[in-house]
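Beneath this line is the structure, given in C-alpha cells, with notes to follow.
The values are calculated or read from the model by the stated rules, or taken from the named source; none is laboratory data. Computed from a prediction, not measured in an experiment: that's the story for all the values here. Reconstructed Cβ throughout: ideal geometry from the backbone, glycine too, with neighbour counts over all protein chains shown.
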Amino acid sequence: MGDSLILSNKLTGLIPEEVSKQIVKKVVKGSYCLQNSRREPMKTVKKTIPVLVSMPGPTWVGEGEKINVVEPGIVPVTLEAKKLSFIITASREALEDSVVNVFKDLQDSISEAFCEAIDKAIITGSVTEGQKPFKTLYEVAEAQSITRGDGVILDDFSDALALVENKSHEVTNIIAVNSIKNELRKLKTSTGEYLLSDTSSIFGTPTEYLSHLDPITSLAIMGNIRDFLVTGVYKDITYDVLREATLDLGSGKQINLAQNDLCGIRVTMRIASNVLREEAFSLIKPKA
C-alpha cells in the first residue's frame with residue numbers, strides 16, 4: 001500500500017484515510033462553528049441543498065369543498081468547499097518515516113490549526129492571506145444590530161435577541177467576546193447578590209466566549225446557528241512536502257528549510273459554509 005511508503009518516496013498525495021478520518025473528527029469536535037451548525041456530508045466539492053423558506057399552513061374547508069394545494073417555497077442553496085491550507089515544519093528525519101506514521105504524529109497539531117482557522121473564517125472572515133472564503137456571521141448579523149447602551153448589559157442582550165425573535169426565529173447560540181464576561185459576572189441584585197451564577201447561558205441561550213471576535217466592532221453575535229448556519233467538510237485531506245523552500249513566518253521573519261535541516265508539510269482540507277436565513281442573526285456593537 002502507498003501508505004507504507006516512506007515520505008521521501010511519496011511527497012504529495014492524500015493523507016491516509018485512517019488518519020484523515022481522525023483529523024476530521026477532531027476538527028469537527030474542536031471547531032465551534034462545525035460543532036454547533038447544521039453539517040452536510042460532502043462527497044463532492046460542490047453540493048446543492050434544497051432550503052424550505054415558506055410552508056403554507058392548513059386552510060379551513062367547507063363540507064364538500066375542494067382543498068387547494070399550495071406548494072411550499074423551496075430555494076436551492078449551493079455549498080462549495082473552499083481550500084484551507086497551512087504549512088507545518090518537521091525535522092528532515094520525518095522524510096524517512098512512513099506516510100501514515102508521520103501524519104499520526106502530526107494529527108493533533110493539524111487539527112488544532114484547522115479548528116482556529118475555520119472558526120475565524122466563518123465568524124469574522126479573519127484570514128492570514130487572501131480573501132475571506134465565506135459570507136461571515138459578523139456580516140450577516142451586522143444587518144440588524146444594536147449599539148451598547150448606558151444601562152445594564154443584559155438589556156442589550158435582550159434587545160438583540162428580540163431582533164431575531166421578531167422575525168419569528170429562535171436564537172440557539174450566542175458568541176461573545178471574552179472581555180464581556182467580567183461585566184456579566186459583576187451584575188448584582190438589589191440586595192447585593194450576584195445575578196448570574198453561570199455565564200455560559202444568557203436568558204437560557206448557550207453562550208460561548210471566543211477570542212475570534214474583535215471587541216472594537218462587536219461584543220456579541222447571536223442567532224439560529226443550529227438550523228441556519230450550514231457547513232460541510234470534504235472528505236479528502238491532501239499534503240505536499242516542501243524541502244528547499246524559504247517560508248515567510250510573518251513580521252519580516254523567514255526560515256530556510258534546507259539550512260535549518262527541516263522540511264515543510266503543506267496540508268490542505270476543504271471546508272464549506274453558508275448562511276441560510278440572514279434575518280435569523282443579530283449583533284451587539286460596542287459604543288462608538
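Identify all residues within region 133-149 that are outside any strand (DSSP E or B) and among the aliphatic types (A, V, I, L, M); write none if there are none. Passing the criteria: 137, 140, 141, 143. Residue count for region 75-93 satisfying the condition of being farther than 13 Å from residue 267 by Cβ and in contact (Cβ under 8 Å) with a residue 12 or more places away in the chain: 10. Determine whether region 241-250 contains at least one residue that is within 23 Å of residue 37 (Cα to Cα) and in the same structural domain as residue 123 (by TED's automatic domain parsing). The answer is no, given that none of the residues of region 241-250 is within 23 Å of residue 37 (Cα to Cα) and in the same structural domain as residue 123 (by TED's automatic domain parsing). Just to be sure, is residue 143 touching a Pro at 6+ places or on another chain (Cβ under 6 Å), at pLDDT 90 or above and closer than 30 Å to residue 215 by Cα? So residue 143 fails the test. For region 159-197, taking the residues that are hydroxyl-bearing (Ser, Thr, Tyr) and not in a loop (DSSP other than H, G, I, E, B), the one that is surrounded by the most Cβ atoms within 10 Å (Cβ to Cβ) is identified as 179.
Could you list, in sequence order, all residues of region 142-158 that are surrounded by 15 or more Cβ atoms within 10 Å (Cβ to Cβ) and over 24 Å from residue 119 (Cα atoms)? Matches in region 142-158: 148, 153, 154, 156. Annotation for region 4-16: at least one member residue is modelled with pLDDT under 90 and either out of contact with any Leu (no Cβ under 9 Å at 6 or more places or on another chain) or among the aliphatic types (A, V, I, L, M) (or both).
Of the strands (runs of 3 or more DSSP E) entirely within region 202-288, those holding at least 2 residues that are at pLDDT 90 or above and under 30 Å from residue 165 (Cβ atoms) occupy 205-209, 220-223, 229-234, 262-275, 281-285. The residue that is farthest from residue 121 (Cα to Cα), counting only those in region 9-34 that are in a loop (DSSP other than H, G, I, E, B) and among the aliphatic types (A, V, I, L, M), is 11.
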